Amino acid sequence: MLIQNRRELSAADVTPKSLWLDRRRFLGMAAGVAFAPAAGGRFGLNEAQTARKDATSYNNFLELGESKEAPAENAHRFNPRPWTVKLGGETAKPLTQDIEALLKAFALEERVYRLRCVEAWSMVIPWIGFPLADLLKKAEPTSRAKFVEFVSLHDSARLPGQRNPLYPWPYREGLRIDEAMHPLTLLAVGMYGDLLPGQNGAPIRLVVPWKYGFKSIKSVVAINLVETQPKTTWGSMQPGEYGFYSNVNPAVDHPRWSQKKERRIGEILKRDTLPFNGYAEQVAQMYAGMDLRTNY
Ligand code: MTE
């Protein structure tokens with residue numbers, strides 16, 4: 001269901017002073033040259049950013065281990081080069097692009113987004129990336145493209161957690177086409193002024209700030225435009241707990257715990273969880289008329 005008349009986002013919706021990165025310096029950093037983030041553009045959400053140390057050492061990335069500490073501990077075993085991203089399915093112009101070419105092809109932008117995990121913790125992270133829509137438009141989706149499927153790297157030599165037979169590898173996620181085209185939906189290639197560390201989904205990952213964190217799939221190698229709702233890792237493993245939409249919703253509890261509050265990493269007192277993670281004004285209209293209890 002595509003909703004018409006979507007209000008375009010103003011820069012203030014995403015990053016009050018949207019910071020357009022010095023791309024040459026960022027790419028220079030990719031080749032090992034030091035990178036100093038441009039001063040002044042950093043901004044905000046009216047909230048403190050999560051300490052970089054916390055955001056890079058408390059992660060869910062099953063391919064690098066099951067505990068929160070394991071991804072950072074095992075990231076040195078994960079080399080995110082060489083890397084290609086394949087965009088296919090219902091498109092007029094399918095494309096396969098090397099990560100370096102992708103970094104050059106799009107204007108990178110810093111955006112500070114909240115990310116709220118289904119486990120009731122949250123972070124505020126300065127991501128660097130470009131709107132997913134920019135990439136999708138390049139491939140010219142056909143009229144049959146109703147959903148977008150995302151697939152992570154499947155390579156147990158690089159991602160040893162994939163030797164764990166409990167999970168159906170590779171990790172998969174999906175969005176409806178209007179969600180994927182929404183200007184808030186970001187393909188991130190960096191954070192805190194740096195390239196993405198392995199534990200945070202190097203070299204390229206999705207960030208969908210109004211949905212629970214597991215929708216923000218890491219280390220993406222394939223993006224497929226499809227006609228029917230794709231299967232997702234958590235949706236196929238525990239369909240009663242993890243729905244396709246997974247919009248942050250304090251009114252709908254996870255079957256085993258409440259979603260009313262969250263612990264911001266680095267803080268002691270819990271905060272109230274906001275509908276759509278605080279992005280309701282920008283995204284709620286995409287779900288007008290839908291029962292968000294059934295479509296959890
Ligand atoms: N992507 C892959 N490929 N594998 C995963 O295990 N975990 C998800 C998501 N993306 C996961 C993934 C979950 S549960 C969360 S909360 C976010 O990544 C966390 O992102 P962060 O580590 O950058 O905060």
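The values are calculated or read from the model by the stated rules, or taken from the named source; none is laboratory data. Predicted model, so just to flag it, every value in this text is computed and none were measured. All Cβ positions, even for glycine, are placed from backbone atoms using ideal geometry, and neighbour counts span all protein chains on display. Just so you know, the surface numbers come from the protein's heavy atoms only, side chains and all, with ligands and any DNA or RNA stripped out. Shrake-Rupley method; radii C 1.70, N 1.55, O 1.52, S 1.80 Å.
If you roll a 1.4 Å probe over the heavy atoms of the protein chains, what accessible area per residue do you get for region 149-296, in Å²?
Values: 5600 Å² over 148 residues.
On a per-residue basis, region 149-296 sits at 38 Å².
When you count, for each residue, the other Cβ atoms within 10 Å and take the mean per peptide, how do 135-141, 200-206 rank with the highest first? Don't skip to the answer; put the middle values down first.
Numbers: 135-141: 17.3, 200-206: 23.9.
Highest mean packing first, the order is 200-206, 135-141.
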Lysines with Cα under 17 Å of LYS146, excluding same-chain neighbours fewer than 8 positions away: LYS93, LYS137, LYS138, LYS231
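Hey, could you grab the Kirkwood Rh for region 184-296? Inverse mean 1/r over distinct alpha carbon pairs, Å, one decimal.
Evaluated on region 184-296, it is 15.7 Å.
Quantify, in whole percent, the carbon and sulfur part of the accessible surface of region 50-89 (1.4 Å probe; protein heavy atoms only).
Numbers: 1010 of 1970 Å².
With neighbouring chains kept in place, the figure for region 50-89 is 51 percent.
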Candidate lysines - alpha carbon under 25 Å from LYS270, same-chain residues fewer than 8 apart omitted: LYS53, LYS68, LYS211, LYS215, LYS260, LYS261
Share of carbon and sulfur in the accessible heavy-atom surface of region 143-229 [1.4 Å probe, %]: 53
